[in-house]
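Structure first, commentary second.
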Amino acid sequence: QVQLVESGGGLVQPGGSLRLSCAVSGTIFSITAMGWYRQAPWKQRELVAHITRGGSTNYADSVKGRFTISRDNAKNTVYLQMNSLKPEDTAVYYCNARPALFSWGQGTQVTVSS
């Protein structure tokens with residue numbers, strides 16, 4: 001069974017940066033497209049970025065130019081570098097396959113506030 005463990009969230013001021021990490025158990029990682037999703041209070045979970053097994057990336061318009069997704073297949077880890085953070089980026093961030101095939105992890109809270 002694949003397990004997803006997200007980390008790296010925290011409290012940051014507007015304009016700040018954070019780097020999220022997601023460790024994925026199992027050998028399926030290298031052949032799976034992966035995504036970062038987020039869920040803000042009272043909103044549905046949304047996909048913000050995804051990366052194919054070959055490294056091609058795509059982003060939601062709301063984060064384009066500010067967020068960068070990457071992966072290290074040797075470490076079974078996917079990253080999300082978040083720059084120029086805005087209060088509207090506040091959410092719990094999750095990783096999963098794209099589409100979301102695996103059980104969700106606990107997520108990591110990102111709060112952008114002054």
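The values are calculated or read from the model by the stated rules, or taken from the named source; none is laboratory data. Since this is a predicted model, take the numbers as computed values, not measurements. A quick note on method: Cβ atoms are made from the backbone with ideal geometry, for glycine too, and the neighbour counts reach across all protein chains shown. The protein model used for the area step is the full one, side chains on, heavy atoms only, and it has no ligands, DNA or RNA in it. Shrake-Rupley method; radii C 1.70, N 1.55, O 1.52, S 1.80 Å.
Given a 1.4 angstrom probe, I'd like the percentage of the accessible area of the chain that is carbon and sulfur, rounded to a whole number. Display every interim value, and only then the final one.
Working: 2920 of 6040 Å².
Roughly 48 percent, rounded to a whole number.
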Checklist entry - With each label point set 7 Å from Cα along the Cα-Cβ vector, what nm distance links Ser114 and Ser7? => result 3.3 nm
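Run the numbers for Ile28 and Leu101: contour at 0.36 nm per residue of separation, minus the present Cα-Cα distance, in nm. Show your work: numbers first, answer last.
Values: separation 73, 0.36 × 73 = 26.28 nm, distance 1.14 nm.
Between Ile28 and Leu101, full extension yields an extra 25.1 nm.
Can you tell me what share of the DSSP beta bridges in the chain is antiparallel? A percent to the nearest 5 is fine. Working shown, then result.
Values: 33 of 36 bridges.
Around 90 percent of the beta bridges assigned by DSSP in the chain are antiparallel ones.
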Checklist entry - Tell me, what is the per residue accessible area of the chain in Å², probe radius 1.4 Å? => result 53 Å²
Item to check | Zone residues, region 1-25, relative to Lys86, backbone N less than 17 Å from point 7 Å out along Cα-to-Cβ | outcome: 12-18
Item to check | 14 Å beta-carbon shell around Ile31, net charge (K/R +1, D/E -1) | outcome: +3
